[in-house]
Amino acid sequence: MELRHLRHFVALAEERSFTRAAARELIVQSGLSTSVRALEKDVGTPLFIRGTRPVRLTVEGEALLPAARRALEAAEAARQAARDVHGVLAGRLVLGALQTSGHTLPFTSWLADFAVAHPGLDMSVRQLGALRMLDMVANGELDCALVSMPPGGGPPAGVHVVPILSESLALACSTGHPLAAAASVPLERLADERFVDTPPQWAIRNVIDDAFRTAGLSRRTVYEVNEWALVLDLVAAGAAVALVPEGLNFALHQDTAARMKLVPVEGVRLRRDISLALPKGQAASPAARRFLDHVVRAVRTPGPS
């Protein structure tokens, strides 16, 4: 069983398209098909259901996929062990990240500094819901992910999380809203408000929903959007209220910020905890472990990362 066959199999399983998988692996489609057939001959069973769009795995293919990812990771770790003798980090790092655009969290600086320090490393960033990204770290689709942790419980089996920061949530409302002049507001007062929320796949939505559920309260979500700038625009327009992280960089939205007010919420712990998630122990790729060290140093060092 050849590693390139496993790599082509994983690419096709993830891309679900011969065209995209071939482009990702920089080979022609016929070469990809030949490679997959060779792997199927090695394992003695079809791995894909032919003639379906998008491409679908057979039951046997589903069973092989996690092991194939682990084999490729082990091979890369072996290559990296040799490179480490010379202090060289190379290969590919696939990161997940919460939406940090417009946030004071300097993820872009961390990423840029890391890329400059390791020019032999290719990086890919995917911005998805936190719950989805935690699962992707667990099954090997992501090397690591910067996530907002959901309330209660812990990460999936085999995933290690390192706390990066914790920030409070505050009520955001328009300057014309009756609560804009309040020094603070109890959660009970918000039960009848119209809310703009992030999607349920975002951990921050789980934090907010859990707080209301624990208090025995319900609320009405009239808008559901996946961008903080749009949340703030709707709030400033008086269309709804929202519970937002205080770490958002409101200076980037000066016109919007001038038309809204942040009010602390009293009597309940409303916080967003942000962590870096990666596989436990040696299951984490060398690049993921090095990126964790880079981020931890940046967080502990005052000033620019």
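Before moving on, here are some points about what is shown:
- According to the Kirkwood relation over distinct C-alpha pairs, the hydrodynamic radius of the chain is 21.7 Å.
- Residue separation of residue 139 and residue 201 scaled by 0.36 nm, minus their Cα-Cα distance, works out to 20.6 nm of gained length.
- Förster radius 25 Å - calculated FRET efficiency between residue 246 and residue 296, Cβ distance, rounded to 0.05: 0.65
- Based on C-alpha pairs under 8 angstrom that are at least 6 apart in sequence, the stretch 1-78 has a relative contact order of 32 percent.
- Exposure rule at most 12 other beta-carbon atoms within 10 Å, DSSP loop GluC sites (Glu not before Pro): the chain longest free segment: 3-226
- Across 31, 238, 91, mean-square fluctuation computed from a Gaussian network of the chain (C-alpha pairs under 10 Å connected) peaks at 31.
- Along the chain, the exposed loop sites are trypsin sites (Lys or Arg not before Pro) outside DSSP states H, G, I, E and B with at most 14 other Cβ atoms within 10 Å, and the longest stretch free of them is 51-268.
- Electrostatic tally near residue 199: other residues with Cβ closer than 14 Å to its Cβ, Lys and Arg +1, Asp and Glu -1, net -2.
- Taking label positions 7 Å along the Cα-Cβ direction at both residue 180 and residue 220, the computed distance is 2.1 nm, reported to one decimal.
- Taking label points 7 Å from Cα along the Cα-to-Cβ direction, residue 45 and residue 132 give a separation of 2.9 nm.
- Here is the tail figure for the stretch 228-305: Cα pairs spaced more than 21 Å apart come to 53 percent of all pairs.
- Backbone N under 20 Å from the residue 116 label point (7 Å along Cα→Cβ), restricted to the stretch 283-302: 290-302
- Cα centroid separation, the stretch 1-15 to the stretch 112-151 (Å): 21
- Summed residue charge, Cβ within 10 Å of residue 239's Cβ, Lys/Arg positive, Asp/Glu negative: 0
- Whole-Å semi-axes of the ellipsoid equivalent to the stretch 165-272 (Cα gyration tensor, √5λ, descending): 19, 16, 14
Every read-out reported here was derived from the displayed coordinates using simple, explicitly stated rules and does not represent laboratory data. The structure presented is a predicted model; accordingly, all values stated were derived computationally and were not measured. Ideal geometry is used to build each Cβ from the backbone, glycine not excepted, and the neighbour counts take in all protein chains shown.
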